[in-house]
Amino acid sequence: MDIVQSFYDDMAASYDKLFLDWQAATREQAQLLDALFAKCGYDRSARILDCACGIGTQAIGLAELGFPVTASDISEGELAQARERAKERGLAADGGDIRFVRADFRSLEAQIPDVFDIVIAMDNALPHMLTPEDLEKAVRSITGRVRPGGIFAASIRDYDSLLESKPAYSPPYIHKTRRGQRVSFQTWDWAGENYRLTQYIIDDEESLQTGKFVCEYRAIRRKELTDLLLAGGCSEVVWKFPEETGFYQPIVTAKRAR
């Protein structure tokens, strides 16, 4: 089991603690993505693949809006959480409103032979590819699931800016709740363009609980990803920033050539 899979398996039950209200976040992010897709010419009949779905933060909200969604992830722990959360929200899983599949987005065709109108990989998923070769493999696999004329959308951190300072940590999130508070923050240990991220979650509500989860990332500049998307058969690669979309990270969209 690689470090990415173990990171998300270990954090699956705690991932929602990164949000003040995870359910509200799913609805808000779905609305933002729905608006983005509409500007690209898609209504809610568009078939979507979320190829890095995690616990369902985007996939569940989009399914609730009526999009037909397939959701995949490398982490069985996070997929189990996503299935349960979809069920709690009244969604019919695995053949109904949303379908879950375990798949590595470097080799999606092995588990998901279909092509889709829209494929998404949100929440800084692509920078888990620690070498240019792995990133190229992932981009080719993902864009291969986009039908001709369809779009790929991904969000990543603004690494063009972060690489200038290589911060040692991220500012903490402090969420006040009716039962106390939750605090989450990350430390970043850099080695060139790669860094080891340690995620801390401190839950001080009914009783004090702490979590520590370790993973690795590579800071991907926008030009590198843009060039790979163009080389992979996409066109009209466009970067949109939070002030335009309302989403918390920059989003790239790329149209698959017909």
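The values are calculated or read from the model by the stated rules, or taken from the named source; none is laboratory data. On a predicted model such as this, the values are computed, not experimentally measured, just so you know. Cβ atoms come from the backbone with ideal geometry, glycine included; neighbour counts cover every protein chain shown. The accessibility values were calculated without ligands, DNA or RNA, using every heavy atom of the protein model including side chains. Shrake-Rupley method; radii C 1.70, N 1.55, O 1.52, S 1.80 Å.
Please list 49-55, 218-224 highest first by mean number of surrounding beta-carbon atoms within 10 Å per residue. Don't skip to the answer; put the middle values down first.
Numbers: 49-55: 27.7, 218-224: 16.6.
Going from most to least packed, we get 49-55, 218-224.
Below 8 Å between Cα atoms, with a sequence gap of 6+, how large is the relative contact order for region 75-164 in percent? Present the calculation step by step, with values, prior to reporting the outcome.
Working: 95 pairs, mean separation 25.7, N = 90.
Computed over region 75-164, the figure is 29 percent.
Please compute the modelled spin-label separation between Asp158 and Glu133, points set 7 Å along Cα→Cβ, answer in nm with one decimal.
Each label point is offset 7 Å from its Cα along the Cβ direction, giving 3.4 nm.
What ranking of Glu136, Glu216 comes out by heavy-atom accessible area, probe 1.4 Å, highest first?
Sorted by accessible area, descending: Glu136, Glu216.
Give the carbon-plus-sulfur fraction of the accessible surface of region 143-258 in %, rounded to a whole number; probe 1.4 Å, heavy atoms of protein chains only.
Numbers: 3020 of 6010 Å².
With neighbouring chains kept in place, the figure for region 143-258 is 50 percent.
Considering only DSSP beta bridges where both residues belong to the chain, give the percentage that are antiparallel (nearest 5). The partial results should precede the final answer.
On the way: 38 of 55 bridges.
Expressed as a percentage, antiparallel bridges in the chain total about 70.
Relative contact order for the chain: what percent, with Cα pairs under 8 Å and sequence separation of 6 or more? Let's see the in-between values first.
On the way: 518 pairs, mean separation 43.8, N = 258.
Worked out over the chain, it gives 17 percent.
Students often get this wrong: which residues of region 47-89 have the backbone nitrogen under 13 Å from the point 7 angstrom along Cα-to-C-beta of Trp22?
54-61, 77-89
Kirkwood Rh over alpha-carbon pairs of region 1-108, then Stokes-Einstein at 37 °C and 0.692 mPa s: what D in µm² s⁻¹, rounded to an integer? Write out the running numbers ahead of the final one.
Numbers: Rh = 13.9 Å.
Taking Rh from Cα pairs, D becomes 236 µm²/s.
So what is the diffusion coefficient of region 46-194 in µm² per second by Stokes-Einstein at 37 °C and 0.692 mPa s, using a Kirkwood Rh over Cα pairs? Mind dumping the intermediate values first?
Values: Rh = 16.8 Å.
Once the numbers are plugged in, D ends up at 195 µm²/s.
Between region 70-115 and region 206-243, what is the C-alpha centre distance in whole Å?
21 Å
Let me check I have the definition right: for the chain, take the eigenvalues of the Cα gyration tensor, multiply each by 5, take square roots. What are those semi-axes in whole Å, largest first?
On the way: eigenvalues 145, 105, 59 Å².
That gives 27, 23, 17 Å for the three semi-axes.
Where does region 164-258 land on the Kirkwood hydrodynamic radius, alpha-carbon pairs, in angstrom?
Values: mean 1/r = 0.0613 Å⁻¹.
Hydrodynamic radius (Kirkwood, Cα pairs) of region 164-258 is 16.3 Å.
Per the helix-only calculation at 222 nm, which mean residue ellipticity applies to the chain, given -39500 (n - 2.57) for every DSSP H run of n ≥ 4 and division by its residues, nearest 500 deg cm²/dmol? Before the final figure, lay out each step's value.
Working: 8 runs with 79 residues, N = 258.
My calculation for the chain gives -9000 deg cm²/dmol from helical runs alone.
As a quick test, which of the pairs Lys137/Lys223; Lys39/Lys87; Lys87/Lys240 have an alpha carbon distance above 26 angstrom in this structure? Intermediate values should be presented prior to the final figure.
Working: Lys137/Lys223 17 Å; Lys39/Lys87 30 Å; Lys87/Lys240 33 Å.
As for pairs spanning more than 26 Å Cα to Cα, those are Lys39/Lys87; Lys87/Lys240.
When ligands, DNA and RNA are left out and all protein chains stay put, how many square angstrom of accessible area per residue does region 106-258 have with a 1.4 Å probe? Before the final figure, lay out the partial values.
Numbers: 7390 Å² over 153 residues.
With the other protein chains kept in place, region 106-258 gives 48 Å² per residue.
Given the convex hull over the Cα atoms of region 54-132, what projected area results after averaging over all orientations, in nm²? Write out the running numbers ahead of the final one.
Details: hull surface 21.7 nm².
So the Cα hull casts an average projection of 5.4 nm².
Under 10 °C and 1.306 mPa s, how fast does region 97-185 diffuse according to Stokes-Einstein, given a Kirkwood radius computed over C-alpha pairs? Answer in µm²/s, whole number.
Numbers: Rh = 15.9 Å.
Translational D for this selection: 100 µm²/s.
If you count only protein heavy atoms with a 1.4 Å probe, what accessible area per residue comes out for region 11-105, rounded to a whole Å²? Write down the numbers at each step before the final one.
On the way: 3670 Å² over 95 residues.
Averaged over the residues of region 11-105, the accessible area is 39 Å².
Tell me the carbon and sulfur percent of the accessible area for region 17-126, rounded to whole percent, probe radius 1.4 Å. Let's see the in-between values first.
Working: 1960 of 4160 Å².
Here it works out to 47 percent.
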